[in-house]
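Here's the structure we're looking at; comments come further down.
The values are calculated or read from the model by the stated rules, or taken from the named source; none is laboratory data. Predicted model, so just to flag it, every value in this text is computed and none were measured. Heads up, the Cβs are rebuilt from the backbone with ideal geometry, glycines too, and the neighbour counts pull from every protein chain shown.
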Amino acid sequence: MSRGLGDVYKRQEGGGRMACFTTLYSGSSGNCAFLEEDGRFLLVDLGKSARATTRALGQLGAQAKQLCGVLVTHEHTDHIAGLAVFLKKAPVPVYGTQATLEALARRGLVPPGTQLVPTDGRGELQVGGFCVQSFSTSHDSADCCGFRVRTPQGKTLAIATDLGYVSDEVLANLYLADMVALEANYDLHMLMHGPYPYYLKTRIASKKGHLCNEECAATLAKLMAAGCKRFSLCHISQENNAPALALQSVQAALLQSGTAPAPDAVVQAARRHEVSPVFEF
């Protein structure tokens with residue numbers, strides 16, 4: 001189920017125990033995802049200012065004291081721009097691969113004394129009642145990763161943004177998740193005929209770049225065939241894509257594969273500069 005904005009914690013008073021997922025903002029100008037259950041939440045990346053992030057959390061009725069930690073996929077600016085200032089106001093642990101955490105510390109992108117917890121090679125980690133496990137994604141950073149998170153009530157989120165292709169490891173971590181957030185960064189025609197210089201087009205379309213609509217859509221078709229129902233298309237490029245194109249690619253992939261989505265399946269394009277409608281699962 002996907003619904004509009006509001007205080008996600010109000011439903012707790014009525015006994016609801018569903019998990020909530022949304023993006024606070026998503027795209028090349030900044031990325032931040034939100035996962036909540038039982039009044040506790042995690043953030044995945046923090047790519048805009050602390051002020052913008054705090055404002056978005058306020059729209060959801062979320063408070064910093066309910067934050068258990070920040071999961072960081074990698075050290076590129078659109079994923080960590082507001083991290084240092086935010087952590088000064090909300091000093092929670094930061095989780096990511098060892099190489100990513102070392103890059104953050106070396107470049108002064110986290111305040112001194114921040115608790116940095118490596119996720120690679122350690123299996124599931126307990127983060128405030130959530131079970132967090134990272135997996136490798138192919139991107140031109142120190143050591144980019146996605147995350148598979150199990151909530152206190154046993155619901156699963158799998159999130160993978162900034163990846164040049166969907167590897168077997170990525171696909172295995174997306175399978176059977178209750179909620180999947182996957183990159184749909186660019187439309188190949190728009191990228192190749194757009195204003196970017198050739199070297200940048202090559203970088204984006206490479207195995208270490210970003211995921212195109214077609215591969216994202218083909219992956220969603222496989223996941224739907226396996227029973228997954230809720231999908232957020234993330235990190236949609238402003239210059240080289242459009243939400244409507246990303247969604248059309250999913251429809252085309254479903255038709256081509258002969259996959260009939262479940263009646264209650266939902267695919268949503270994440271909004272670039274504002275909080276997206278909330279998924280409950």
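Scanning the stretch 78-134 for residues that are in contact with a Leu (Cβ under 7 Å, 6 or more places away or on another chain), over 18 Å from A160 (Cα atoms) and in a loop (DSSP other than H, G, I, E, B) yields G82, A90, V92, L109, V110, P111, T114.
When you check T77 against the structure, is it out of contact with any strand residue (DSSP E or B) (no Cβ under 7 Å at 6 or more places or on another chain), crowded, with 22+ Cβ neighbours inside 10 Å and either of a type in the set (S, T, Y) or at pLDDT below 95 (or both), yes or no? It is false that T77 is out of contact with any strand residue (DSSP E or B) (no Cβ under 7 Å at 6 or more places or on another chain), crowded, with 22+ Cβ neighbours inside 10 Å and either of a type in the set (S, T, Y) or at pLDDT below 95 (or both). Only residues that are surrounded by fewer than 23 Cβ atoms within 10 Å (Cβ to Cβ) and of a type outside the set (A, V, I, L, M): list them for the stretch 49-74, please. Correct list: S49, R51, T54, R55, G58, Q59, G61, Q63, K65, Q66, C68, G69.
Criterion applied to S134, S138 was being modelled with pLDDT of 95 or more, small (G, A, S) and farther than 18 Å from V70 by Cα, and the one residue passing it is S138. For the stretch 222-240, the candidate set comprises residues that are crowded, with 20+ Cβ neighbours inside 10 Å and part of a helix (DSSP H, G or I); within that set, the residue that is nearest to the chain's Cα centre (by Cα) is L223.
Annotation note: Cβ proximity below 6 Å between a residue of the stretch 32-45 that is among the charged types (D, E, K, R) and a residue that is in a strand (DSSP E or B) and at pLDDT 95 or above (sequence gap 6+ or interchain) occurs for E36/C20; R40/C68; D45/C32. Each residue in the stretch 141-174 was checked for being of a type outside the set (S, T, N, Q), assigned to a loop (DSSP other than H, G, I, E, B), in contact (Cβ under 8 Å) with a residue 40 or more places away in the chain and over 19 Å from N213 (Cα atoms), and 5 of them qualify. Applying the criterion of being buried (at least 20 other Cβ atoms within 10 Å of the Cβ) and within 18 Å of F147 (Cα to Cα) to the residues of the stretch 105-132, the residue that is nearest to the chain's Cα centre (by Cα) is V132.
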